1. Filter the stretch 179-204 for residues that are aliphatic (A, V, I, L, M) and at pLDDT below 95; which is farthest from the chain's Cα centre (by Cα)?
2. Quick one: which strands (runs of 3 or more DSSP E) sit completely within the stretch 23-132 and have at least 3 residues that are without any contact (Cβ under 8 Å) to a residue 60 or more places away in the chain?
3. Filter the stretch 84-103 down to residues that are more than 15 Å from N63 (Cβ to Cβ) and over 13 Å from the mean Cα position of the chain (by Cα) and give me whichever is surrounded by the most Cβ atoms within 10 Å (Cβ to Cβ).
4. Just to verify a result, which residue in the stretch 133-149, among those that are outside any strand (DSSP E or B) and of a type in the set (V, I, T), is farthest from the chain's Cα centre (by Cα)?
5. Just to check your reading of the model, which residue among V146, V124, V120 is exposed (fewer than 13 other Cβ atoms within 10 Å of the Cβ) and touching a strand residue (DSSP E or B) at 6+ places or on another chain (Cβ under 7 Å)?
6. When the residues of the stretch 28-49 are filtered to those that are hydrophobic (A, V, I, L, M, F, W, C) and more than 15 Å from the chain's Cα centre (by Cα), which remaining residue is surrounded by the most Cβ atoms within 10 Å (Cβ to Cβ)?
7. Got a number for residues in the stretch 84-107 being closer than 24 Å to E184 by Cα and touching a Leu at 6+ places or on another chain (Cβ under 6 Å)?
8. Checking S52 against (1) of a type in the set (S, T, N, Q); (2) more than 21 Å from H142 (Cβ to Cβ); (3) touching a strand residue (DSSP E or B) at 6+ places or on another chain (Cβ under 8 Å); (4) crowded, with 17+ Cβ neighbours inside 10 Å, only one condition comes out false. Which one?
Amino acid sequence: MPENKLLIALVSCRVDAVPERQETRDALDQALVRWLVELGYQALLLPNALDSSTLPSLVAQLNPALIVLSGGNDLGQYPSRDQTESALVDIARKLQLPLLAICRGMQLLAQCEGVALTTVAEHVARRHMLSGLWQGEVNSYHQFGVTELPAHYQLLAQSPDGCIEAMCHQSLPWLALMWHPEREQPFCPHDLNRVRAVLQQEQR
């Protein structure tokens, strides 16, 4: 990675409704910002209120080194977020931009690839082991999972009950994780190294 080169990660936001203030807020856990900095990126948050038709030109102007689909919210809960992130997937595919999908982000990515989600048990506020090419213990905070590998993806890790926990695209620098690496304290070096390897950050 060239010295002093600013690598921007364009990050999607979760939606938090605050009825007592009659506000709908876009938000992001500060831990994810710090984790991305550790990974070598500066986070730029993308609001969900933008017209998704304007996103291709906006992303082209920003020229991010990475697109991140963050966690939080269920699919269908806030259509504006679904539309924003679906547009980001299309843009990342067209421009062949690196993409990192975390938890809900992986669910949305799988759905965009034509794979239906499955309701899972014992995956909320739990820890479990990984099996497959990647192994180790991870956190788990989701009630919907991915049990079918999308076409053109490689399986990297599974949970004990067979849910897909990590997958990468076979030809694009795209990685999807069902756990939250930013919620590990301290951050796990093997998470950072695995993400760097798939995104090939050192080559940009």
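1. Among residues in the stretch 179-204 that are aliphatic (A, V, I, L, M) and at pLDDT below 95, the one farthest from the chain's Cα centre (by Cα) is A197.
2. Output list reads 23-27, 42-46, 66-69, 124-130.
3. If we take residues in the stretch 84-103 being more than 15 Å from N63 (Cβ to Cβ) and over 13 Å from the mean Cα position of the chain (by Cα), then T84 is surrounded by the most Cβ atoms within 10 Å (Cβ to Cβ).
4. Here the residue is T147.
5. V124
6. Restricting to residues being hydrophobic (A, V, I, L, M, F, W, C) and more than 15 Å from the chain's Cα centre (by Cα), the top hit is V37.
7. 6
8. With (1) of a type in the set (S, T, N, Q); (2) more than 21 Å from H142 (Cβ to Cβ); (3) touching a strand residue (DSSP E or B) at 6+ places or on another chain (Cβ under 8 Å); (4) crowded, with 17+ Cβ neighbours inside 10 Å applied to S52, the lone miss is (3).
The values are calculated or read from the model by the stated rules, or taken from the named source; none is laboratory data. Fair warning: this is a prediction, and the values are worked out from it, not measured in the lab. As a convention, Cβ positions derive from the backbone with ideal geometry for all residues, glycine included, and neighbour counts pool all protein chains shown.
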